[in-house]
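Visitor: Just passing along the structure, written as structure tokens.
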Amino acid sequence: MANSGINARITPEGTMEVLSRHEVSLLKDKSKKGLYDLFRQCALAVLNCGNESDDSKAIMEEYKDFDIKLVNQPRGIKLEVINAPASAFVDGEMIKGIKEHLFSALRDIVHANSVLVKSSGFDLESSDGITNFIFHQLRNAQILAAGTQPDIVVCWGGHSISRQEYDFTKNVGHELGLRGLSVCTGCGPGAMKGPMKGATIAHSKQRINNGRYIGISEPGIIAAESPNPIVNELTILPDIEKRLEAFVRTGHAIIVFPGGVGTAEEILYLLGILLHPANQKLPFPVIFAGSKENESYFNMIDKFIGGALGEEAQKRYKIIIDDPIRVAQEIKSGIEEVAHYRRIHRDAYYFNWLLKIDPLFQQPFQPTHENMENLQLHREQPVHILAANLRRAFSGIVAGNVKDEGIRRVEKFGPFEIHGDKSILDPLESLLESFIREHRMKLPGKVYTPSYRIVN
């Protein structure tokens with residue numbers, strides 16, 4: 001049964017007030033060449049803020065009567081929403097933060113698809129071209145702030161976490177905020193919201209009135225992880241690979257909280273990049289942080305990384321348990337080292353140009369059954385390339401768990417099959433089984449049916 005919603009016309013505030021005729025036609029085009037389906041999906045995700053579901057297919061079906069239309073006017077554009085989630089409104093008026101997120105989605109989709117992708121100046125087949133594209137996308141979204149000291153802490157972690165874990169992330173965010181640091185996350189709930197909430201209180205205590213709470217998402221995941229209301233700078237990259245690169249190019253340090261396969265994917269992406277020979281001397285503070293109850297979780301992650309990628313990978317991060325103050329102090333100190341390194345190497349504070357990223361981490365991976373089965377999970381390859389392939393395995397599982405297209409593929413063809421060396425697959429299977437036992441695959445109360453099958 002379709003969900004009854006609210007109809008309204010929305011006027012933009014300060015962004016995307018005008019569109020060209022070509023852009024309007026693309027946004028109205030319901031064919032595969034058009035942008036209508038993409039914009040509708042992202043718009044619904046933004047408007048669905050606060051509703052607890054991580055099944056993008058179920059969300060799209062619940063609001064199958066939702067629609068969004070562009071209304072041209074002499075003074076600019078308006079958006080008309082039909083059967084929109086009622087939670088996005090108060091007394092018939094759309095919540096201001098949600099309205100900002102809605103027009104941020106419009107801005108990024110238009111910029112990525114009708115401006116940059118069509119330009120001959122952006123070679124999305126080359127490594128430098130992809131990085132250049134990401135730079136322009138972030139600059140257009142006003143994420144890159146010149147004239148400021150490094151202060152952006154990227155926080156990764158699960159959307160499906162316990163209340164105790166959430167409170168810990170909030171405490172860490174509070175300590176970061178007390179030290180004047182900004183927070184960047186994947187913009188969803190759980191460990192993506194907690195640090196921002198803690199930082200807002202701390203910024204208020206320190207009378208910081210321009211605190212930055214940056215959310216970086218992508219169309220495939222945003223429906224399952226709708227932007228939380230604290231995000232005041234939202235940007236949507238075209239795919240997961242560009243989203244991950246945006247994190248490491250923009251952030252000056254990374255904290256990893258407990259999570260599931262999505263968090264494991266992020267860890268493998270980060271370590272794979274840092275293990276590249278060109279990045280050996282590049283300072284990039286990484287801390288795995290959790291409460292005392294999470295110590296076994298990080299021991300398990302550390303053991304998996306050691307078994308799959310070796311001791312060098314384990315040297316690229318610190319594990320700090322039950323000590324939010326120390327986490328913040330280490331991050332603050334690490335960012336000062338980053339600032340010094342970039343200053344003497346004349347690299348920008350606002351974008352990490354010096355970081356070398358192998359093309360295997362940049363090219364979009366399509367999680368089809370064939371591609372998942374053909375992943376090269378063996379030891380006869382450089383360790384950073386093995387990390388890239390393991391990252392793709394986790395990316396496919398994420399798709400099968402929460403992304404609309406991935407869910408439909410698994411429903412039609414069965415679980416993804418993952419093949420490889422026994423020495424890699426055995427610890428991988430153990431890690432995934434622990435995620436299932438600890439309810440890290442889906443939100444609490446949801447029954448999880450594995451979207452994958454390990455084949456030794």
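The values are calculated or read from the model by the stated rules, or taken from the named source; none is laboratory data. Keep in mind the model is a prediction, meaning the values are calculated, not measured. All Cβ positions, even for glycine, are placed from backbone atoms using ideal geometry, and neighbour counts span all protein chains on display. Keep in mind that these areas ignore ligands, DNA and RNA; they rest on the heavy atoms of the full protein, side chains included. Shrake-Rupley method; radii C 1.70, N 1.55, O 1.52, S 1.80 Å.
Visitor: Could you tell me which residue out of Tyr63, Ile216, Leu234 lies farthest along the dipole of the chain toward its positive end? Charges go on the beta carbon: Lys and Arg +1, Asp and Glu -1, centred on the Cα centre.
Guide: In the chain, that residue is Leu234.
Visitor: Hey, any idea what Rg/Rh is for region 282-399, computing Rh the Kirkwood way over Cα pairs?
Guide: Reported Rg/Rh (Cα atoms, Kirkwood Rh): 1.02.
Visitor: Just the number, please: carbon plus sulfur as a percent of the accessible area of region 131-190, 1.4 Å probe, no ligands or DNA/RNA counted.
Guide: Within region 131-190, the accessible surface is 47 percent carbon and sulfur.
Visitor: In Å and on Cα atoms, what radius of gyration and Dmax does region 387-439 show?
Guide: Using the Cα atoms of region 387-439, the pair Rg, Dmax is 11.8, 32 Å.
Visitor: Let me ask another. Restricting attention to the alpha-carbon atoms of region 98-191, what are Rg (one decimal) and Dmax (integer), both in Å?
Guide: For region 98-191, the Cα-based Rg and Dmax read 16.9, 50 Å.
Visitor: For region 382-435, what % of the accessible area comes from carbon and sulfur atoms, probe 1.4 Å?
Guide: 52
Visitor: Note the direction-averaged projected area, equal to a quarter of the hull surface, for the Cα convex hull of region 342-456, in nm².
Guide: The directionally averaged projection comes out at 9.7 nm².
Visitor: Moving on to the next point. For the chain, what number results from the quotient of the Cα radius of gyration and 2.2 N^0.38 Å?
Guide: 0.94
Visitor: Ranked by accessible surface with a 1.4 Å probe, highest first, in what order do Glu241, Glu405 come?
Guide: Glu405, Glu241
Visitor: Another question, then. Hey, for a label at Leu354 modelled as a point 7 Å past Cα toward Cβ, could you say which residues of region 148-185 have their backbone N under 19 Å away?
Guide: Flagged as within label range: 148-154.
Visitor: Another question, then. Starting from the Cα of Glu417, move 7 Å in the Cα-to-Cβ direction to define the label point; list residues of region 372-411 whose amide nitrogen is under 11 Å from there.
Guide: Output list for this probe position: 373-374.
Visitor: Then there is this: Leaving out ligands and nucleic acids, and using a 1.4 Å probe, what accessible area per residue does region 399-456 come to in Å²?
Guide: Accessible area per residue: 52 Å².
Visitor: Separate question: How large is the Rg to Rh ratio of region 147-300 when both quantities use alpha carbon positions and Rh follows Kirkwood?
Guide: The Rg/Rh ratio comes out at 0.94.
Visitor: For region 373-413, I need the span (max minus min coordinate) of the C-alpha atoms along each principal axis, in Å, sorted largest to smallest.
Guide: Cα spread of region 373-413 along its principal axes, largest to smallest: 34, 16, 9 Å.
Visitor: Roll a 1.4 Å probe over the protein heavy atoms and report the accessible area of Glu411 in Å², nearest 10.
Guide: Answer for Glu411: close to 120 Å² accessible.
Visitor: While we're here: Could you sort 261-271, 293-303 so that the peptide with the highest average Cβ count within 10 Å comes first and the rest follow in order?
Guide: 261-271, 293-303
Visitor: Given the convex hull of the Cα atoms of region 56-213, what is a quarter of its surface area in nm²?
Guide: Spelled out: convex hull of the Cα atoms, projected over all directions, averaged, 13.5 nm².
Visitor: Each label point is 7 Å from the Cα along the Cα-to-Cβ direction; what then is the distance between the points at Lys446 and Ser127, in nm?
Guide: With each label point 7 Å from Cα toward Cβ, the separation is 3.6 nm.
Visitor: Can you list the residues of region 61-91 with backbone N under 18 Å from a point 7 Å past the Cα of Arg9, pointing along Cα to Cβ?
Guide: Answer for region 61-91: 67-84.
Visitor: Within the chain, what percent of beta bridges assigned by DSSP are antiparallel, to the nearest 5?
Guide: Here the antiparallel bridges make up roughly 35 percent for the chain.
Visitor: Please report, in debye to the nearest 20, how large the charge dipole of the chain is about its Cα centre when each Lys and Arg carries +1 at its beta carbon and each Asp and Glu carries -1 there.
Guide: 960
Visitor: Just to confirm, what accessible area per residue do you get for region 147-233 at 1.4 Å probe, in whole Å²?
Guide: 31
Visitor: So, one more: Can you tell me the alpha carbon radius of gyration of region 303-363 divided by the globular rule-of-thumb value 2.2 N^0.38 Å?
Guide: 1.44
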